[in-house]
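Here's the structure we're looking at; comments come further down.
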Amino acid sequence: MFFGRAQELQDLQELKSSRVASFVVLKGRRRVGKSTLVFEYGKTFENFYHFSGLPPGEGISQQDQKKEVALKLEKHLNVSGLQSSDWSLLFDNMGHLVSQGEALLFLDEISWMAKGDATFLPKLKTAWDVIFKRNPKLVLIVCSSISSWVDTNLLSNTGFVGRVTLEKQIAPLPLADCLKFWPKGVSETEKLEFLSAVGGIPRYLEEIQPHLTAEANLRRLFFRADGLLFNEFERIFSDLFSERAVRYRQVVNLLRLGRRTQSQLVQELELSAAEVGKLLKELVLAGFVKRDFTWNIGKSGTSRLSNYRVSDNYVRFYLRHVHKRRKQIVRGLQRDVQLHQLPGWHSSLGHGFENLVLENAHLVREALGILPQHVVDDGPYFQLRNKRQASCQIDYLIETEASNVYLCEIKYSSNRISEGVIEQARDQQEKITLPKRTSVRSVLIYFGELPDAVQDSGVFSSLINFEKFLR
């Protein structure tokens, strides 16, 4: 299945009109669909060649990586006995494949190819300068799920400065494209339950069996030892972070409990600020964690204050409900578990719903009639307590050029939204510090039944039922 990615495909398609060869770097979370995107793009080329690194593992050597590429080259060139001792020789043979005409060359999981060989990138740079870019109709795409490796070793490498034509971070699918994985007739509640557990990751959405309920699909994928998503977390963290995977898991486990600043994590983990900073940076680049900066409303520039949250619904769901039950799942004792009866199930859906709203915040802005060009800043917002102001936190805040501020509260309930949200909104309006002549409006973004008291309170200028976006 291939849904969405219209903008990404358009950006790539524009490269075919270029008068020079193009060098493209794709980054993004594992399973987010980087390779699938390139294969879809490759359908528009006369010649498309794909080479992939071998997943790292015990016994996999650098020579194994070269042999794998050499075997594919032999098939493409219809020859045998290609030397695989040196990347320069392999790149030279790739050059023969793409020397003329419209061609797409895709080096998939490039960090795996380069692992253990300090000469790989210098030789790729030389091959680009001397061989590949001679064909003005060539598009070379390299990708990796280890975004930190790409940033450190390729994008920050002086040898590649000025050579990368396009750099793209492939994000999870937006909500409108996620919905295409379900047939008509599936309820909005079921869609939300599944998306709260897996997010907009296309590889996971492909596993939906429409004849099963959301709960049955989640049991099949998470709570069986042979389920696709049972071992997924351990494999991903092992591949990305190798022997330090335990440290990264400790960080996301803490962030799963609630937002944390870096200094709070330093205290809780008892590590140095530099070490925690590195862990957080790599988790953000890997797509599992988001760093949210607050800002000074009415003033230009971004505040230095920020906190972190688990933005990946799969990671949050796995750590909350699956990890501690691994032994039972392996023994087959959780195959019939009733998910709605799991401790913390409804709060887990609430966190998943909040992430879903934040990932699709454009829908909120559109519902409020706010054009993108009028937004000064938006995102989760927090204000620290000092002598002049109280502390407060806003799920999602929008500041516009016309000195309008929208305080958005995100609420999920499987039944009725609590009337306590009224007092919460009043409290936020009272505590938040705003410049003079600024208009402030409270907005409720909700999923669930809305009590008459909330609708009649007059506290909210807008009530956005997010359920309509799931239809």
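The values are calculated or read from the model by the stated rules, or taken from the named source; none is laboratory data. Note that the structure is predicted; figures quoted are calculated from it, not measured. In this analysis, Cβ positions are derived from the backbone assuming ideal geometry, glycine residues included, and neighbour counts consider all displayed protein chains.
Select the helices (runs of 4 or more DSSP H) contained entirely in region 322-406, then report the ones holding at least 1 residues which are touching a residue at least 12 places away in the same chain (Cβ under 8 Å) and touching a Gly at 6+ places or on another chain (Cβ under 7 Å).
The helices (runs of 4 or more DSSP H) meeting that bar are 345-359.
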*Restricting attention to region 123-133, and to residues there that are under 15 Å from LEU107 (Cα atoms) and of a type outside the set (A, V, I, L, M, F, W, C), which single residue is nearest to the chain's Cα centre (by Cα)?*
LYS125
_Complete set of residues in region 266-318 that are closer than 22 Å to ASN386 by Cβ and among the aliphatic types (A, V, I, L, M)_ = VAL266, ILE297, LEU305
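Is it the case that PHE293 is assigned by TED's automatic domain parsing to the domain that holds GLY344, under 21 Å from HIS323 (Cβ atoms) and not basic (Lys, Arg)?
In short, no.
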*Answer yes or no as to whether ILE422 is among the β-branched types (Val, Ile, Thr), within 30 Å of SER348 (Cβ to Cβ), more than 31 Å from the chain's Cα centre (by Cα) and outside any loop (DSSP other than H, G, I, E, B).*
yes
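Could you please find all residues in region 127-154 being closer than 15 Å to SER22 by Cα and assigned to a helix (DSSP H, G or I)?
From region 127-154, those closer than 15 Å to SER22 by Cα are 127-143; that's our starting set.
Answer for region 127-154, where residues must be closer than 15 Å to SER22 by Cα and assigned to a helix (DSSP H, G or I): ALA127, TRP128, ASP129, VAL130, PHE132, LYS133, ARG134.
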*Filter region 80-92 for residues that are surrounded by 18 or more Cβ atoms within 10 Å (Cβ to Cβ) and either assigned to a helix (DSSP H, G or I) or under 34 Å from the mean Cα position of the chain (by Cα) (or both) and give the result.*
TRP87, LEU90, PHE91
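Inside region 119-153, can you point out the residues that are over 23 Å from GLU14 (Cα atoms) and touching a Ser or Thr at 6+ places or on another chain (Cβ under 9 Å)? I'd like the intermediate steps shown before the answer.
Of region 119-153, the ones over 23 Å from GLU14 (Cα atoms) are 119-127, 130, 145-153.
Once the filter is applied, which keeps residues that are over 23 Å from GLU14 (Cα atoms) and touching a Ser or Thr at 6+ places or on another chain (Cβ under 9 Å), region 119-153 yields THR119, LYS123, THR126, ALA127, SER145, ILE146, TRP149, VAL150, ASN153.
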*Out of region 281-336, which residues are buried (at least 18 other Cβ atoms within 10 Å of the Cβ) and of a type in the set (Val, Ile, Thr)?*
VAL289, THR294, ILE297, VAL310, VAL315, VAL322, ILE329
*Limited to region 207-242, what total is found for residues that are free of Cβ contacts under 8 Å to residues at least 12 places away in the same chain, charged (D, E, K, R) and in contact with a helix residue (DSSP H, G or I) (Cβ under 7 Å, 6 or more places away or on another chain)?*
0
*When the residues of region 107-125 are filtered to those that are of a type outside the set (S, T, N, Q) and not in a helix (DSSP H, G or I), which remaining residue is nearest to LEU138 (Cα to Cα)?*
LEU107
_Only one of LEU285, LEU279 is closer than 30 Å to ASN153 by Cα, part of a helix (DSSP H, G or I) and in contact with a strand residue (DSSP E or B) (Cβ under 8 Å, 6 or more places away or on another chain). Can you tell me which?_
LEU285
